[in-house]
Amino acid sequence: MYSYDEPVYLISVVAKILSIHPQTLRQYEREGLVEPGRTDGKMRLYSQRDIDKIKTILRLTRDLGVNLAGVDIILRLKDKLDEQDKELEELRINLEKFKSNQAHKHVLKKESSYEVIIFQK
């Protein structure tokens, strides 16, 4: 089985899975919202992570009416929050180790400092 980040899906397959036109995927790439992998022959290949990101873009644009510039800002903020969450988790672990002087003690992990909730009509 392929990993979550391994680019394996052709643009036509992704377009069919998501019920969108391949030109929409090309537009998202031009806007810098997704960066699919490329074969030696320059064919676009998408990973499952790319597909999930495109699903988020579609939810934001279709369901919430966010334009692509707004989507870009939201995705950048989400990435920044993810980075800060990882850094905070590392600091929590180090603090716990320092307090207890026990490397085997477990710390509860907070998944994320944000949550996107999208309601269906």
Quick one: P7 ticks every box in (1) surrounded by 16 or more Cβ atoms within 10 Å (Cβ to Cβ); (2) at pLDDT 95 or above except a single one, so which number is it? (2)
Which members of the stretch 18-44 meet the condition of being of a type in the set (G, A, S) and assigned to a loop (DSSP other than H, G, I, E, B)? S19, G32, G41
Please name all residue pairs, on different chains or six or more residues apart, with Cβ atoms under 9 Å, provided the first residue is in the stretch 64-86 and is part of a helix (DSSP H, G or I) and among the acidic types (D, E) and the second residue is surrounded by fewer than 15 Cβ atoms within 10 Å (Cβ to Cβ) and modelled with pLDDT of 95 or more. D72/E31; D72/G32
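The values are calculated or read from the model by the stated rules, or taken from the named source; none is laboratory data. Treat the numbers as computed from the prediction; the structure is a model and nothing was measured. Because the Cβ atoms are built from the backbone with ideal geometry, glycine has one as well, and the counts that use them run over all protein chains shown.
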